[in-house]
Structure formats: C-alpha cells, structure tokens
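J.: Pasting a structure here, questions to come.
The values are calculated or read from the model by the stated rules, or taken from the named source; none is laboratory data. On a predicted model such as this, the values are computed, not experimentally measured, just so you know. Here the Cβ positions follow ideal geometry from the backbone for every residue, glycine too, while neighbour counts run over all protein chains shown.
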Amino acid sequence: MGDKADVWQGTLALMVLKTIETMGTLHGYGIARRIEQTSGDLLSLNYGTLYPALLRLEQEGAITAEWGVSENNRRAKYYRLTPLGKKSFAEESQSWTRLSAAIARVMA
C-alpha cells in the first residue's frame, strides 16, 4: 500500500481551505504541494480536480484570487480566504470532525 491515495472530492475543499488558512495566500501548485506534504505524501492531488475546486470556492465567495508572479518568475493565480471562507471552514471542519468520529466508531 505504498501508492499515493487520490483525494476524495468531498474533502478537497476542506483541505484547500485549511491549507490557505494555515499558510496564507498561495498559488494552486503551492496548495497542492502543501496538502501532499502535510499528508506525509500519502495523498495525491489531481490537478484536473484541484483547479475546478478552486474555481468553485472562488465562485462561492470562500476564496478570492488575484494574479501575481511565482517564485519561478511565472504568472500564477494566488488564492486567499475571505471572511465567508473562514466561516465556511469553521463550519465544515466541525462537520468533518463529527463525521470522521462516527466512521471511526463504525470501523472499531
């Protein structure tokens, strides 16, 4: 079981919000790398899933984005949390905690 696991779509938005909350403003590649690093490289992000999730969070008002220049001197879109995003993250985080505890009880 050494292979990386794919990230479930329902958990991706929560992990993106947590990453931005913790790290501050980041570009998509930075968000992906941080999630993979934080998981101990057990999770693998599909960029075809990440960028639509970022767009969806932006459309919902949870994050805002602006263009900037990356460390590699390339044009990149940088994302940051909005007040609504902070509130959404807090609510979703509590919901996730309850759900994961329930699943752990079933699996015990």
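J.: What pairs come out if I take residues in the range 14-29 that are under 18 Å from Asn46 (Cβ atoms) and in contact (Cβ under 8 Å) with a residue 24 or more places away in the chain and pair them with residues that are in a strand (DSSP E or B) and small (Gly, Ala, Ser) whose C-beta lies under 6 Å away, six or more apart or interchain?
T.: Short answer, once both residue conditions are applied: His27/Ala76.
J.: Looking at this structure, is Arg33 of a type in the set (Lys, Arg), part of a helix (DSSP H, G or I) and within 19 Å of Gly10 (Cβ to Cβ)? Before you say what the answer is, go through the steps one by one.
T.: Details: of a type in the set (Lys, Arg): yes; part of a helix (DSSP H, G or I): yes; within 19 Å of Gly10 (Cβ to Cβ): no.
For Arg33, the condition - of a type in the set (Lys, Arg), part of a helix (DSSP H, G or I) and within 19 Å of Gly10 (Cβ to Cβ) - is not met.
J.: How many residues, within the range 67-108, are within 17 Å of the chain's Cα centre (by Cα) and without any contact (Cβ under 8 Å) to a residue 40 or more places away in the chain?
T.: Selection size over the range 67-108: 9.
J.: Another question about this same structure. If you go through the range 25-42 one residue at a time, do you hit one that is touching a Ser or Thr at 6+ places or on another chain (Cβ under 6 Å), surrounded by 14 or more Cβ atoms within 10 Å (Cβ to Cβ), at pLDDT 95 or above and among the polar types (S, T, N, Q)?
T.: Taking every residue of the range 25-42 in turn, none turns out to be touching a Ser or Thr at 6+ places or on another chain (Cβ under 6 Å), surrounded by 14 or more Cβ atoms within 10 Å (Cβ to Cβ), at pLDDT 95 or above and among the polar types (S, T, N, Q).
J.: Suppose we filter the range 46-101 for residues that are of a type in the set (S, T, N, Q), surrounded by 13 or more Cβ atoms within 10 Å (Cβ to Cβ) and assigned to a helix (DSSP H, G or I); how many remain?
T.: Adding up the residues that qualify gives 3.
J.: Lys18 - would you say it is over 11 Å from the mean Cα position of the chain (by Cα), part of a helix (DSSP H, G or I) and either at pLDDT 95 or above or crowded, with 18+ Cβ neighbours inside 10 Å (or both)?
T.: Numbers: over 11 Å from the mean Cα position of the chain (by Cα): no; part of a helix (DSSP H, G or I): yes; either at pLDDT 95 or above or crowded, with 18+ Cβ neighbours inside 10 Å (or both): yes.
Here the answer is no, as Lys18 does not meet what is asked.
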